[in-house]
Amino acid sequence: MSDILEVHNLAKSYGDFKAVKGITFGIADGEIFSLLGPNGAGKTTTISMLSTLFAPTSGDASIGGHSVTQDPMAVRRIIGVVPQDLALYEDLTGRENLTFWGNMYGLGGAALKARVSEVLEQVGLTDKGNQRVKTYSGGMKRRVNIGVGLLHKPRLLFMDEPTVGIDPQSRRAILDTVKDLNRQGMSVLYTTHYMEEAQELSHRIGIIDHGELIALGSLQELTRSIGELETLRLHVAEDAEAARLAAALQSLPGVTRVDTTDHQAVLMTPDAEEVLPAAVSKANEISIKIRSIDIEEPNLEAVFLNLTGRALRD
Amino acid sequence: MKKLFTIGWKDLLLALRDRAALILMFVAPLALTLGLGLVTGRFSGQDNNGLRDIPVVLVNQDDGQLGIALVNVFTSPEVGTLVKPISDTDAAVARKRVDDDKVAAAVIIPAGYSASVIPAANLANGIPSGDKKIEIYVNPAQPVSAGVIRTIVDEFIARVQVGRVSGLIVITQLIENGLLKPADATVYAQGLTDRLDAPTQSTITVRSISDTGTPPPTFDVLSVLAPGMALLFLMYTVTRGGATLLTERDNGTLARMLISPTGAAQIIGGKVIGIFLTAVVQVAVLIIGSGLLFNLHWGDPIGVVALVLAVAASATGWGMVIAAIARTPAIVGSLGAAAMLMFGVLGGSFGDNFPLPDWLLTVGKITPNAWGIKGFARLAAGGTFADVAPNVIALCIMGVALFAISVWLFRRNGFIKQ
Ligand SMILES: Nc1ncnc2c1ncn2[C@@H]1O[C@H](COP(=O)(O)OP(=O)(O)OP(=O)(O)O)[C@@H](O)[C@H]1O
Ligand SMILES: [Mg+2]
């Protein structure tokens, strides 16, 4: 499999602050690759460098064989970008927006007209196409924003947190669109801080934190790397109790690690059901009332917690 | 090239869909033109047009009655405080005062004027030739005031024509003095009337500084007010256009353009075309609108079109510079409003009677308003493209220079990356 994207030691500093600290990865042709990371991890900075918006401080990347630093124009022609923040003209209609951006990609005439209708259909906005974007709901605006990225049928599509702040139906529609596009042969670089999205969509996942790629692989590879650990969450009334409980559970047999987050003591263990009774009686012993209990299969949240000691969404 | 117009067209469309912009671009200038027109009496037919103490220099080289009569008109209670005449004996000095923008006009009554209009004491000289003409040397920088002076002289000439000043009085005097026999009086009067029936222009010449102006059929204060207001609000339009550069940066559409296969120069060029197109559309609509609403004649179409394009170009330059100086759209808004008013005062949008010291009038030459308003007034007064060519050239140079400055500023503050 050839790589459509190859990233070598890509780094970006803002003054003394290193937003991206030299990351290296590749995306195979036809792959959906997710960059998963919390707020401020460096996802948008990475996408901005790859899409030639600004030059990296050091390192390089090549897309379809063209260097992003040496030949940005060639790169721009083969990539599509869906920015994290809406980049649309609210006083133009959906159709006018798509037509304008199509022109920016050198499309025109009857071909563009047909393509705009096709894209409107694809993002489910055919009947709203002639209304101004400012009358759209948040989800509809996001879908136009995505449509703009698809107009010129890019080989590689960058999507930067395209589902932030929208309703579940729109989110579902967007995820399905991504899978659809991928089935038609488009490669996708998808960034998110929702582990469910990364798990559902991706062939491979890179976990990024504080500007560093801390893990890279398929979902299976990543969960296996931490020993297929399950997560046991014990919800209590307040953080002080969570801390006391976590301290008491530290020595429990079969527990790999214990963390606290948001009124919870979080246990990582190869077998959550086996640990559960002992954990509950320990809580009784120190008179802490457990309000509810969650058990999670091995997942990316656990991988992230295991690698950083923090929750993804903090 | 196509992308430039795509961007420009998009910006024009967005401006025309912005309700606040529509009001300030089109409704406000027309409403203010109407309002100021009412104040100055354009619509009530009164003489009172808010003007007073118009400076005029009178040079009476005539030794006859008509010269004195005209001078008396300027000091008569009828004219009252409208004008503030001063006298001089030297025509060249008087013209110099106009050239120096000290007075609105010079009225020069040539030696022998009376004699050329009314019969001399000695009948042997025959019927007077009428070859001497009153010269009105007008200051194009003060078209309203100069128009008033011209109206006064016109009025005087008209009275001479109907004989109230010359014909009857003079003939009566001649008879009284025994210089004319009553029997000859009708013949003589006929001769006078025949010659004096010729158009007004035969007894006065109106000269502007470049000596090209033919007198306007009628003077209309709106022909100065309408371009004044158009140029005032043109500054709003171009600063609003400049601000869109910064809003596009802030809302991500600029970045989106930059990562499309479109060069930065094309994007900046497209934005400039957008501002320019919007400016042209605004001024064109205002010209057509005021023409229809107020029955205003803007004059030579070629001159008007050239001046509109030039005015739009120079104003676009200002819009770009203001956007380059400001860091945020809000700052562009306040800077733009300040510039709009300042340029309006300095550039004569509020009429040339605004009391400004000379040096401020000189500073006013950096405004599109100054060059534009005078140009439009010149065209309305019957000028042609050739008359406003200097204005057109000055405005175009201003536009190009300002654009270059804005690019330099944008480079310096990192807006345009190399
Ligand atoms: N122009 C800038 N100047 C200084 N620091 C910046 C700039 N842009 C981003 N940063 C910093 O770089 C880091 C990475 O930002 P980035 O936007 O890439 O994160 P992200 O992973 O996209 O986060 P989010 O999920 O919130 O979008 C952050 O700490 C951010 O504050
Ligand atoms: Mg981001």
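The values are calculated or read from the model by the stated rules, or taken from the named source; none is laboratory data. A quick note: this is a predicted structure, and the numbers were derived from the prediction, not measured. Every residue, glycine as well, gets a Cβ built from its backbone with ideal geometry; the counts of neighbours run over all protein chains shown. Surface accessibility is based on the protein's heavy atoms, side chains included, excluding ligands, DNA and RNA. Shrake-Rupley method; radii C 1.70, N 1.55, O 1.52, S 1.80 Å.
Some notes on this structure:
- Odd one out for A:Lys113 among (1) away from ligand 1 (no atom under 16 Å from the Cβ); (2) at the interface with chain B (Cβ under 9 Å from one of its Cβ atoms); (3) out of contact with any Asp or Glu (no Cβ under 9 Å at 6 or more places or on another chain): (2)
- Scope the range A:135-163; condition open to solvent by 50 Å² or more (accessible area, probe 1.4 Å), farther than 30 Å from A:Gly65 by Cβ and not in a helix (DSSP H, G or I); matching residues: A:Ser137
Yes/no matrix, rows are residues, columns are (1) modelled with pLDDT under 95; (2) farther than 15 Å from B:Ser406 by Cβ; (3) acidic (Asp, Glu):
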{"residue": "B:Gly274", "(1), (2), (3)": "no, no, no"}
{"residue": "B:Gln282", "(1), (2), (3)": "no, yes, no"}
{"residue": "B:Val285", "(1), (2), (3)": "no, yes, no"}
{"residue": "B:Gly299", "(1), (2), (3)": "yes, yes, no"}
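- Selected residue (criterion: farthest from A:Tyr14 (Cα to Cα)) from residues of the range A:34-61 that are part of a strand (DSSP E or B) and within 16 Å of ligand 2 (Cβ to nearest atom): A:Ser34
- Of all residues in the range A:65-75, those satisfying the criterion of being within 19 Å of A:Leu107 (Cβ to Cβ) and either open to solvent by less than 30 Å² (accessible area, probe 1.4 Å) or more than 9 Å from chain B (Cβ to nearest Cβ) (or both) are A:Ala74, A:Val75.
- When the range A:82-94 is filtered for residues that are in contact (Cβ under 8 Å) with a residue 24 or more places away in the chain, open to solvent by 10 Å² or more (accessible area, probe 1.4 Å) and either assigned to a helix (DSSP H, G or I) or within 16 Å of ligand 2 (Cβ to nearest atom) (or both), the ones remaining, listed by number, are A:Pro83, A:Gln84, A:Leu86.
- For beta carbons closer than 6 Å, sequence separation of 6+ or different chains, a first residue in the range A:164-175 that is polar (S, T, N, Q) and a second that is open to solvent by less than 50 Å² (accessible area, probe 1.4 Å), the qualifying pairs are A:Ser170/A:Gly139.
- Scan the range A:14-35 for residues that are open to solvent by less than 20 Å² (accessible area, probe 1.4 Å) and more than 10 Å from ligand 1 (Cβ to nearest atom) and the total you get is 9.
- Selected residue (criterion: most open to solvent (accessible area, probe 1.4 Å)) from residues of the range B:68-97 that are in contact with a Pro (Cβ under 9 Å, 6 or more places away or on another chain) and of a type outside the set (Val, Ile, Thr): B:Lys84
- In the set B:Ala370, B:Ala377, B:Ala386, only one residue is modelled with pLDDT under 90, farther than 24 Å from B:Leu409 by Cα and either part of a helix (DSSP H, G or I) or open to solvent by 60 Å² or more (accessible area, probe 1.4 Å) (or both); that residue is B:Ala377.
- Any hit, the range A:70-77, residues being within 11 Å of ligand 1 (Cβ to nearest atom), of a type in the set (Lys, Arg) and part of a helix (DSSP H, G or I): no
- When the range A:254-270 is limited to residues that are among the charged types (D, E, K, R) and surrounded by 13 or more Cβ atoms within 10 Å (Cβ to Cβ), the one that is farthest from the chain's Cα centre (by Cα) turns out to be A:Arg257.
- Verdict on A:Asn39 being within 16 Å of ligand 1 (Cβ to nearest atom) and within 22 Å of the chain's Cα centre (by Cα): yes
- When A:Gly185 is tested against (1) surrounded by fewer than 16 Cβ atoms within 10 Å (Cβ to Cβ); (2) under 30 Å from A:Asn284 (Cα atoms), just one condition goes unmet, and that condition is (2).
- A:Leu98 buried (at least 24 other Cβ atoms within 10 Å of the Cβ), more than 16 Å from ligand 1 (Cβ to nearest atom) and either more than 14 Å from chain B (Cβ to nearest Cβ) or more than 22 Å from the chain's Cα centre (by Cα) (or both): yes
- Of all residues making up the range A:1-17, the number that are away from ligand 2 (no atom under 16 Å from the Cβ) and in contact with a Ser or Thr (Cβ under 9 Å, 6 or more places away or on another chain): 9
- Qualifying residue in the range A:211-220 (condition: more than 16 Å from ligand 2 (Cβ to nearest atom), open to solvent by 60 Å² or more (accessible area, probe 1.4 Å), without any contact (Cβ under 8 Å) to a residue 40 or more places away in the chain and more than 15 Å from the chain's Cα centre (by Cα)): yes
- Taken as a whole, the condition of being within 16 Å of ligand 1 (Cβ to nearest atom) and not assigned by TED's automatic domain parsing to the domain that holds A:Ala279 does not apply to A:Ile146.
- Scoring A:Leu50 on the criteria (1) closer than 20 Å to A:Thr163 by Cα; (2) within 14 Å of another protein chain (Cβ to nearest Cβ) leaves a single failure, condition (1).
- Matching helices (runs of 4 or more DSSP H) fully within the range B:229-329 where at least 2 residues are more than 14 Å from every other protein chain (Cβ to nearest Cβ): B:264-294, B:301-325
- Test for A:Glu273: is it outside any loop (DSSP other than H, G, I, E, B) and surrounded by 14 or more Cβ atoms within 10 Å (Cβ to Cβ): no
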